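Readers should treat all values here as calculations from the given coordinates under stated rules, not as data from a laboratory. This one's a predicted model, so the numbers in the text were calculated from it and none came from an experiment. Here the Cβ positions follow ideal geometry from the backbone for every residue, glycine too, while neighbour counts run over all protein chains shown.
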Amino acid sequence: MIPNNKLLLDVCNVAIEAGNEILNFYNNDIEVVNKEDLSPLTKADLASNKIILESLTKLNSNIPILSEESLVDWSIRKNWKKYWLVDPLDGTKEFIKKNGEFTVNIALIEGNNPILGVVYVPAKSFLYLAEKNKGSFKTITKDKLKNLEGIQKILVSSQANRERVIGSRSHSNATFDNWVKEKFPNADIVQAGSSLKFCLIAEGEADIYPRFGPTSEWDIAAGHMIVNEAGGKIRTFQNDSIKYNTKENIINPEFYAIGNIDLN
């Protein structure tokens, strides 16, 4: 069943507009500065953030927004029951490398869980979207959508011949290598960047994405929704669920996203 949610359609179009603005910078020389934590920041991050914040506010000014580039103090957001969680340019390192694997992430959180998620991959024109209890979908578009007709439902893979494990392009480490050798010694390693990793799980192009380095809540929320609705799940390595906006810092525990395979 294709979701018939105007809000979801509107959010898709916000992500597409922001993604197209990012491409204006991507196709030219990229100027990079470093934030306080030494992570890279570009004009594209800020331009995308401006579009998303203004557009989401127009859609519903009563829903607050937490974005990587527009932080909100814990004393305020701890009282939020429903809010937007945004990464205006996820995979800035991939953007700078010009390998195409960067995304726009927009999620709607309610009761500490995602209920709607959109991931747009501007350089590839891939749009992934999901709504709670409605499924996950994909389409290819450079232009804003008039409706959600023609989008394709996606599901995690049912294959189990040889596990495909996603390794991060920019954040691989020895812990990942050792874990894969122990759990899936014959696995194929699939390299990918940004929240595209979650989308590969959701559409059956990979089976598991273990993440041992630090991530922030806005990095994973939209992808979390898309994996969930495609039949997969995201868990900590202690088998706990991931919750949002439950503490002052926005760093996630180490986790894995998994399709239809057995981790044990």
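Just a few scattered comments:
- Inter-site label distance for V32 and K82 at 7 Å from Cα along Cβ, in nm: 4.0
- Cβ-based charge dipole, the range 154-235, positive-most Cα from V156, L196, V180: V180
- Put simply, the amide H of K233, placed in the peptide plane, has neighbours under 5 Å in I258, leaving out anything fewer than 5 places away on its chain.
- The chain: most fluctuating residue of V72, V118, V86 per GNM, C-alpha cutoff 10 Å: V72
- Square roots of five times the Cα gyration tensor eigenvalues for the range 164-258, Å: 20, 15, 12
- Inverse mean reciprocal Cα-Cα distance (Kirkwood Rh) of the chain, Å: 18.4
- Diffusion coefficient, µm² s⁻¹, Stokes-Einstein with Kirkwood Rh over alpha-carbon pairs of the range 6-154 at 4 °C and 1.567 mPa s: 82
- When you restrict to C-alpha pairs under 8 Å that are six or more residues apart and normalise by the size of the range 6-154, the relative contact order lands at 22 percent.
- Cβ-placed point charges (K, R +1; D, E -1), dipole of the chain about Cα centre in debye, nearest 20: 520
- Percentage relative contact order, the chain, counting C-alpha pairs under 8 Å, at least six apart: 19
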